Amino acid sequence: MNLKIYIDGNFYDQAEAKISVFDHGLLYGDGVFEGIRFYNDRVFRLDEHIERLWDSARAIAMDVPMSKSELIVAILETIRQNELHDGYIRLIVTRGVGSLGLNPDSCRRPSIIIIAATIALYPEDLYHKGLTMVTCSTRRMPPAALSPRVKSLNYLSNVLAKLEAQNAGAGEGLMLNEQGYVTECTGDNIFVVKKSEISTPPLNSGILAGVTRVVVFELAERLHLRAVERELIRHDIYTADECFLTGTAAEVIPAVQLDRRLIGNGHPGPITLRLIESFRELTRTSGTPIYQ
Ligand code: PXG
């Protein structure tokens, strides 16, 4: 597939879509990004992703060189250029080209890159069987170093945790914070269900404020299920009735094992399955229209 990639106002064939080796996004991971899905000719939760991108950029003292509405136009145009109907958008804002030195003042202008592609989905049987997880020894980035609220180009600790999970033969890696509380998985937020109550770690435990995470709170309310934010320890997951992960790529996906302990009966639970169904219904029927 030959994708058309948006870079700073122009479209390039993917073989020609290149950035400078002096871009501080490459040199220092100095930049921010978003992963966004579109379903059935509509972009899901586009405004929420744009808001989070702006917050991430503000947190690292970077001005996105475009207005929010201009960026939305560019995203929609990138999907149309590629004639896609269901897929994934990777939106990246790098600090831009600068000198060989940390100081971002040497960078003249941030660069905006938009890639729209079809997504390699998790295999459908995982939504029926559920994911296995292990606890990683790599801790989630402490907010005092770099807030996990910033969706930055610096994902190395998550990458290392993902490798740990892979080496252990697990589907996902659970990351703890420096105090040993549960934060999230390497690219997904985590929820448990116990006695019909849904809970997930609060933002200040050091997690990304997931867009899908918020959707789960909305769906829970609609389904008359109680959902709360609460500090969790691994014990809460080992002893939960159900567990599931949320993320733009994974959507809502059951997790049925942590550190070789079965969660509940080791199968996706009824509340998880109801949430998956409601989530899929919402993605099919809401969002920003692409072709009208
Ligand atoms: N936590 C982390 C650390 C993430 O990176 C989420 C939670 C879920 O957030 P959203 O807003 O998507 O519900 C993420 C998002 C990938 C991939 O390729 C991962 C994410 C986004 C895009 C792609 O695994 N993670």
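The values are calculated or read from the model by the stated rules, or taken from the named source; none is laboratory data. What you are looking at is a predicted structure, and each value in this text was computed from that prediction instead of being measured. Here the Cβ positions follow ideal geometry from the backbone for every residue, glycine too, while neighbour counts run over all protein chains shown. For the accessible areas, the whole protein counts, side chains as well, though only heavy atoms, and no ligand, DNA or RNA atoms are used. Shrake-Rupley method; radii C 1.70, N 1.55, O 1.52, S 1.80 Å.
Have a look at VAL21, VAL93, VAL73 and point out the one that is under 26 Å from ASP188 (Cβ atoms) and β-branched (Val, Ile, Thr).
Numbers: VAL21 fails: under 26 Å from ASP188 (Cβ atoms); VAL73 fails: under 26 Å from ASP188 (Cβ atoms).
Unique residue meeting the criteria: VAL93.
Selection over the range 183-196 of residues that are farther than 11 Å from ILE271 by Cα and open to solvent by 20 Å² or more (accessible area, probe 1.4 Å) gives a count of 1.
Checking GLY187 against (1) within 11 Å of the ligand (Cβ to nearest atom); (2) of a type outside the set (Lys, Arg); (3) free of Cβ contacts under 8 Å to residues at least 60 places away in the same chain, only one condition comes out false. Which one? Going through the list (1) within 11 Å of the ligand (Cβ to nearest atom); (2) of a type outside the set (Lys, Arg); (3) free of Cβ contacts under 8 Å to residues at least 60 places away in the same chain, GLY187 breaks only (3).
Does ASN158 count as outside any strand (DSSP E or B), polar (S, T, N, Q), surrounded by fewer than 14 Cβ atoms within 10 Å (Cβ to Cβ) and modelled with pLDDT of 95 or more? Against the criterion (outside any strand (DSSP E or B), polar (S, T, N, Q), surrounded by fewer than 14 Cβ atoms within 10 Å (Cβ to Cβ) and modelled with pLDDT of 95 or more), ASN158 does not qualify. Restricting the search to the range 1-27, which residues are surrounded by fewer than 17 Cβ atoms within 10 Å (Cβ to Cβ) and in a helix (DSSP H, G or I)? Hits for the range 1-27 are GLN14, ALA15, GLU16, LEU26.
Per-residue answers, yes or no, for (1) among the aromatic types (Phe, Trp, Tyr); (2) outside the structural domain of ILE89 (by TED's automatic domain parsing); (3) more than 15 Å from the ligand (Cβ to nearest atom); (4) modelled with pLDDT of 95 or more:
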position: GLU221; (1), (2), (3), (4): no, yes, yes, yes
position: ARG226; (1), (2), (3), (4): no, yes, yes, yes
position: ARG234; (1), (2), (3), (4): no, yes, yes, yes
position: TYR238; (1), (2), (3), (4): yes, yes, yes, yes
position: ASP241; (1), (2), (3), (4): no, yes, yes, yes
position: VAL252; (1), (2), (3), (4): no, yes, no, yes
position: HIS267; (1), (2), (3), (4): no, yes, yes, yes
position: ILE276; (1), (2), (3), (4): no, yes, no, yes
position: PHE279; (1), (2), (3), (4): yes, yes, no, yes
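Table: residues versus (1) outside the structural domain of ASN177 (by TED's automatic domain parsing); (2) modelled with pLDDT of 95 or more; (3) within 30 Å of ALA170 (Cα to Cα); (4) of a type in the set (D, E, K, R).
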| residue | (1), (2), (3), (4) |
| --- | --- |
| GLY87 | yes, yes, yes, no |
| ARG95 | yes, yes, no, yes |
| LEU100 | yes, yes, no, no |
| ARG109 | yes, yes, no, yes |
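Does ALA249 meet the test of being among the small types (Gly, Ala, Ser), closer than 21 Å to GLY210 by Cα and over 19 Å from the mean Cα position of the chain (by Cα)? Against the criterion (among the small types (Gly, Ala, Ser), closer than 21 Å to GLY210 by Cα and over 19 Å from the mean Cα position of the chain (by Cα)), ALA249 does not qualify. Restricting attention to the range 134-145, the residues being within 12 Å of the ligand (Cβ to nearest atom) and among the hydrophobic types (A, V, I, L, M, F, W, C) number 1.
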